[in-house]
Amino acid sequence: MTGQTSSARAPTVEGKMYHIMLGPGDIPPYVLLPGDPGRIEQIMETWDEASEVAFHREYRSARGVYRGAEIAAVSTGIGGSSTAIAIEELARIGVHTMIRVGTTGAIQEDVKVGSLIIASAAVRYDGASHEYAPPEYPASASPEVVLALVEAARRLGVDYHVGVVASTATFHLGQSRPGYRGYEWSKSRERIEDLRRMGVLSFEMEAATLFTLAGLYGLRAGCVCAVIANRITDEFVPGAGVREAIMVANEAVRILQEADRGKAGMTHSITDLAEAVRRLYGD
Ligand code: URA
């Protein structure tokens, strides 16, 4: 046996959370959440200072400084189950603001590959969030984080859309792709067209879990995704828009920190954020 033992109900190893292998104070409370551990390096390259902190299973973490803002990134792996573990453990070590930086497949023709989607809310086909709250509970992004992401995208001059995404538990049937040997059933076949008619912008796999848990726990959460596929035009360009999504998330953290610094002890409010944005950019 290695490491100190802990309670099975709240597992830790030598004071670190069992999965993410981080403890209180190891990373700043503003965290970017890519799915892919490989994306941590790409994120670190955009910071002024960066160091890797831990790497255990799919959870790779780094901390650094982006234009004066203390920032961290932790990969979640793919899907709601591993994302829920990351959020549970990050909350326990004091993280309060989380921005998913991911990729997504558009289901509206006018949402171009290479553009960004800032999620205002997510349809809960993720599976994991249903272990936390009934289907009627909304998976909504925090208004402050949406506002900061929009402001960041505007200032960086990137092409972005704001709206509802659908988070699925699987990449294939959950997103109306045929399974092995063309397997499908009525529900998987019809989902994409139903959601398209509802105005949902895209498929991805983690936002609903993040938004639901953040809502339940009083944490702030947002999501910016690079559109790497369009299911209507059948285009697929891996990596398209990913750097832009990272830069928008970095900049949003800077905006939120500026807002938070200005309000010492006050509750978070959109007015404070708007003021901070004006101070940063001199509008
Ligand atoms: N991520 C998804 O979940 N689906 C896509 O089509 C592209 C990225």
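Laboratory data are not the source of any read-out in this text; all were calculated from the coordinates shown. As the structure is a computational prediction, the values presented were derived from the model and not from experiment. Please note: Cβ atoms are built from the backbone with ideal geometry, for glycine as well, and neighbour counts cover all protein chains shown.
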>> Suppose we keep only residues that are surrounded by fewer than 24 Cβ atoms within 10 Å (Cβ to Cβ) and touching a residue at least 12 places away in the same chain (Cβ under 8 Å) within the range 201-219. Which one would you say is nearest to the ligand (Cβ to nearest atom)?
In response: Ala214
> Can you tell me which residues in the range 156-179 are loosely packed, with under 14 Cβ neighbours inside 10 Å and more than 16 Å from the ligand (Cβ to nearest atom)?
Replying inline: Gly157, Asp159
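Restricting attention to the range 188-200, which residues are aliphatic (A, V, I, L, M) and within 16 Å of the ligand (Cβ to nearest atom)?
Ile192, Leu195, Val200 - these are the residues of the range 188-200 that are aliphatic (A, V, I, L, M) and within 16 Å of the ligand (Cβ to nearest atom).
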>> So the check is Cβ under 8 Å with 6+ separation or different chains; which pairs have a first residue in the range 89-109 that's in a strand (DSSP E or B) and a second one that's within 16 Å of the ligand (Cβ to nearest atom) and of a type in the set (Asp, Glu)?
In response: Arg100/Glu206; Gly102/Glu204; Gly102/Glu206; Thr103/Glu204; Thr104/Glu204; Gly105/Glu204
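For every residue, the table says whether it meets (1) among the aromatic types (Phe, Trp, Tyr); (2) within 16 Å of the ligand (Cβ to nearest atom); (3) in contact with a strand residue (DSSP E or B) (Cβ under 8 Å, 6 or more places away or on another chain).
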residue	(1), (2), (3)
Arg181	no, no, no
Ser186	no, no, no
Ala221	no, no, yes
Ala226	no, yes, yes
>> Can you tell me how many residues within the range 63-88 are of a type in the set (A, V, I, L, M, F, W, C) and in a loop (DSSP other than H, G, I, E, B)?
In response: 1
